[in-house]
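So the structure is just underneath, and the comments pick up after that.
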Amino acid sequence: MSKFDTFDFNQAIPMISEDTEFFPLLSQQDEDEMSKADIPEDLSILPLRNTVLFPGVVIPITVGRDKSIKLVKDAYKGNRTIGVVSQKDMNIEDPGFDQLHKIGTVANIIKILQMPDGNTTVIIQGRQRFKLIELIQSEPYIKARVERFPEDKPKTSSKEFKALISSIKELALQVIQLSPHLPSEAGIAIKNIESPTFLVNFISSNLSLEMIDKQDLLEMKDFVKRAKLLLEYLTTEIQMLELKNQIQNKVRIDLDKQQRDYYLNQQLKTIQEELGGNTPDLEMEELKKRAKTKKWSQELKQHFNKESEKLARINPAAADYSVQLNYLELLLDLPWGEYTKDNFDLNRAIKILDKDHYGLEKVKQRIIEYLAVLKLKNNMKAPILCLVGPPGVGKTSLGKSIARALGRKYTRMALGGVRDEAEIRGHRKTYIGAMPGRIIQSLKKAGTSNPVFVLDEIDKIGSDFKGDPSSALLEVLDPEQNTNFYDHYVEMEYDLSKVMFIATANSLNSVQPALLDRMEIIEVNGYTIEEKIEIAKKHLLPKQREMHGLNTKDVSLSPKVIEKIIEEYTRESGVRGLEKKIGSVVRGVATKIVMEKPYNTNISAPIVEEILGAPIFDKDIYENNEVAGVVTGLAWTSVGGDILFIESSLSPGKGKLSLTGNLGDVMKESAAIAMAYLRSHAEEFGIDYKIFDQWDVNVHVPAGATPKDGPSAGVTMLTALTSLFTQRKVKEKLAMTGEITLRGKVLPVGGIKEKILAAKRANIKEIILCKSNKKDIIEIKEDYIKDLTFHYVSEMSEVIELALLKNKVKNAKVLERIA
């Protein structure tokens, strides 16, 4: 803000008035005589750092440079005359001759004062202007040859000149009046100045102008031009002061809470700066600096700038400030348009998938197909894969392997128990504690817009009064919609089309159909015993050894021992339980090593039983018998395949059908359908119609504490009842699975791989399946089924023909009673 130099002015006037012998110099006559006086040809030059001395003006200056102190002391002892010149660059500590302006002012030293703080203050008065000609000496201070710099004298009697001087004096008085910090004595001094030249010089010296502007005024020969330029500066100064006063009057209010908060915030800002903390201004600068490095669309840039301006208007002490700041930081942290480069080396991808997971050929093949298509098109929208299978088969860990094979970042979102829609879409910013949805949070954490994103346990999503999260996922998992995914917190559309989503589920029964339609379902079946043995050898045992601080030489398990652990201590499709049991064995070995007890590094079966205890499960073994009405079926459970024995018996009665063994509705219906089919085809199978009305039938499925349901026991039920009524025994080492209808058709069922593996474990040799299930057998490795014989049927009559022996049971009492 421009103003008179109050330091110079307030210092100069009292000093002149106190020393009366110098006060008459303010008269026109003395000034003219002083300007006509001769000046020495050689002058000692005193450089001034931040001011310009004008003729006739008295100013105090503080000299601190050694050269300057010596110069003024030498001059004070002599004729007290020196040359004062402003230096071109005020930052130079020791200026040379070429670094000084060429026009300066001859000055008389009036007094030298030693101040209490140790500084030397010199009172000097300007006399007349001079011009530097050449350098005479540089040490111990600058001395130069000079010549007079005359001034063109104006016609002081003209009206125009008088009006000009009068205007300058009036404007100067207005400046003093508009500036409350200037003393009233300044106005009195200006009114008493009669000399036009001294008036212009005095005002030019004390007006707060740039150094270059003051130097320009000093170097002007034409007095009228100098006076007019000064008038322009004064006019500008008055306009600035009036504008400033107008603004101050508009915003002038009593000291209230707002001002109090402002001052407190200023103090807090100072404290934060002292403590090294971030102030609001620094935070804004940091945000804008980060925004410049982002590759944003024009729409997003405008949105960010708008929100930044909103933050600048909020008081830092207000609660909304942190909310807005967190929002802007989220916009900066999100990876808008940032993608990692995919690695399309298919051979490398196959090696990684094979190394991380044994088996799962179908899933691996699908991943390789995806990579191949993506490499060819380079713009394929990421498909939504859904891996469905029992626990512990490696669905979630497959996501990590896929990310490693693609060279993408990996992120995972657990959906189990999520009931709030805001977990997916985020909260609106107006709510307290608002946050973005977990989709956006995961992308922020991944740092890229094309990660491999695992949506874990998608079948465990719930819903309540807060919304339906599974419905919110419809937009996320739709390749046609997720290019413009909208999060309530972000308030800007985000492109999810490049994200490779992989969902996992144990069952699809609880997943809504609309969500299933958006995903490609890939079944991840359970592992065979052979696969589990390989997984244990290559992955589980090395992992457990490393976790427990053991080396390869400390413990090893043979395939036979691993098989024993699988069959007698676990009952699952995956390998999670197997890993726990291997961990128990390894811990047992670690205990013996620490206690320095002798042991065999090749763990045997007895040592396994010693560590793990007695076997938990019995191996499924086919129970051969000579009794009609007993059939072996194949079942699927959440932990893998199993064999199922269905027993039936006859007793005198009225044709009542009883079902026992904790059966579900579907399984009971299968038994009813089988009985209805036998009634309608009794003659075909050689059964007397009277039997159905005179004998009660009881069908039982052992392991009554275990719930059982599903349509796959239909053919087993039919075979058991037919065997019972005809008293024809079922073939040895035969098992079956399939659904039946009243028309006598056999329909396909699921879980074929698990069922076949269970049959092999039970030493079954022949299996009856629906013809439509033949495709499931093709997907199983031939090594696993080389000892099995498969019979594919489409009619129930074919099942009876294949399953029952021709001869009836000999000496059967039941048969005699029926006859």
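The values are calculated or read from the model by the stated rules, or taken from the named source; none is laboratory data. Just so we're clear, the structure is a prediction, and the values are computed from it rather than from any experiment. Neighbour counts run over all protein chains shown; Cβ positions are idealised from the backbone, glycine included.
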* Wholly within segment 674-769, strands (runs of 3 or more DSSP E) carrying at least 1 residues that are at pLDDT below 90 -> 695-700, 728-730
* Structure fact -> Residues of segment 457-482 being of a type in the set (D, E, K, R), farther than 23 Å from Y327 by Cβ and surrounded by fewer than 18 Cβ atoms within 10 Å (Cβ to Cβ), in sequence order, are K460, D464, D468, E480
* Asked: Can you spot a residue in segment 303-315 that is in a loop (DSSP other than H, G, I, E, B) and either at pLDDT 85 or above or surrounded by 11 or more Cβ atoms within 10 Å (Cβ to Cβ) (or both)?
  -> yes
* For S205, which of the numbered conditions (1) in a helix (DSSP H, G or I); (2) surrounded by fewer than 18 Cβ atoms within 10 Å (Cβ to Cβ); (3) polar (S, T, N, Q) fails to hold? -> (2)
* Does segment 317-330 hold any residues that are over 18 Å from the mean Cα position of the chain (by Cα) and buried (at least 17 other Cβ atoms within 10 Å of the Cβ), and which are they? -> none
* Failed criterion for E546 (all others in (1) modelled with pLDDT of 85 or more; (2) surrounded by 13 or more Cβ atoms within 10 Å (Cβ to Cβ); (3) farther than 30 Å from K733 by Cα hold) -> (2)
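Which strands (runs of 3 or more DSSP E) sit wholly inside segment 76-188 and have at least 2 residues that are under 19 Å from L199 (Cα atoms) and of a type outside the set (S, T, N, Q)? Write out each step before concluding.
Details: elements: 81-86, 103-114, 120-137, 143-148.
Hits in segment 76-188: 103-114, 120-137.
Could you count how many residues in segment 772-794 are surrounded by 14 or more Cβ atoms within 10 Å (Cβ to Cβ) and within 20 Å of E523 (Cβ to Cβ)? Explain how you work it out, then say what you get.
From segment 772-794, those surrounded by 14 or more Cβ atoms within 10 Å (Cβ to Cβ) are 772-773, 776-777, 780, 784-785, 788, 791-794; that's our starting set.
In the following step, the residues that additionally are within 20 Å of E523 (Cβ to Cβ) were identified as 772-773, 776-777, 780, 784-785.
Count: 7.
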* Asked: Given the structure, is A75 surrounded by 17 or more Cβ atoms within 10 Å (Cβ to Cβ) and at pLDDT below 90?
  -> yes
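Tally time: how many residues in segment 331-365 are under 25 Å from A505 (Cα atoms) and either among the acidic types (D, E) or surrounded by fewer than 16 Cβ atoms within 10 Å (Cβ to Cβ) (or both)?
Taking segment 331-365 as the starting set, the residues that turn out to be under 25 Å from A505 (Cα atoms) are 349-350, 352-365.
From the residues that got through so far, the ones that are either among the acidic types (D, E) or surrounded by fewer than 16 Cβ atoms within 10 Å (Cβ to Cβ) (or both) too are 354-356, 361-362, 365.
Of the residues in that region, 6 qualify.
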* Do we find that N201 is in contact with a helix residue (DSSP H, G or I) (Cβ under 9 Å, 6 or more places away or on another chain), modelled with pLDDT of 85 or more and within 30 Å of I124 (Cα to Cα) in this structure? -> yes
* To do: Would you please name the residue that is surrounded by the fewest Cβ atoms within 10 Å (Cβ to Cβ), looking only at residues in segment 720-739 that are of a type in the set (V, I, T) and within 18 Å of A762 (Cβ to Cβ)?
  => V730
* State which residue is surrounded by the most Cβ atoms within 10 Å (Cβ to Cβ) when the search covers only segment 590-606 and only residues that are over 42 Å from the mean Cα position of the chain (by Cα) and in contact (Cβ under 8 Å) with a residue 40 or more places away in the chain. => I603
* Any idea which of (1) under 19 Å from the mean Cα position of the chain (by Cα); (2) at positive phi is the one L443 doesn't satisfy? -> (2)
* Which condition number does R129 fail, the rest of (1) over 25 Å from D89 (Cα atoms); (2) touching a residue at least 60 places away in the same chain (Cβ under 8 Å) being met? -> (1)
* Inside segment 449-465, can you point out the residues that are free of Cβ contacts under 8 Å to residues at least 60 places away in the same chain, under 16 Å from R438 (Cβ atoms) and charged (D, E, K, R)? -> E457, K460
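Of the residues that make up segment 25-44, is at least one hydrophobic (A, V, I, L, M, F, W, C), more than 60 Å from the chain's Cα centre (by Cα), at pLDDT 50 or above and surrounded by 20 or more Cβ atoms within 10 Å (Cβ to Cβ)?
yes
Tally up the residues in segment 385-430 that are hydroxyl-bearing (S, T, Y), farther than 18 Å from Q441 by Cβ and either under 18 Å from the mean Cα position of the chain (by Cα) or part of a loop (DSSP other than H, G, I, E, B) (or both), please.
Residues meeting the conditions: 1.
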* To do: Just name the residue that is nearest to H357 (Cα to Cα) out of those in segment 564-582 that are more than 42 Å from the chain's Cα centre (by Cα) and among the aliphatic types (A, V, I, L, M).
  => I566
* Structure fact -> By residue number, the members of segment 132-146 that are touching a residue at least 40 places away in the same chain (Cβ under 8 Å) and polar (S, T, N, Q) are S138
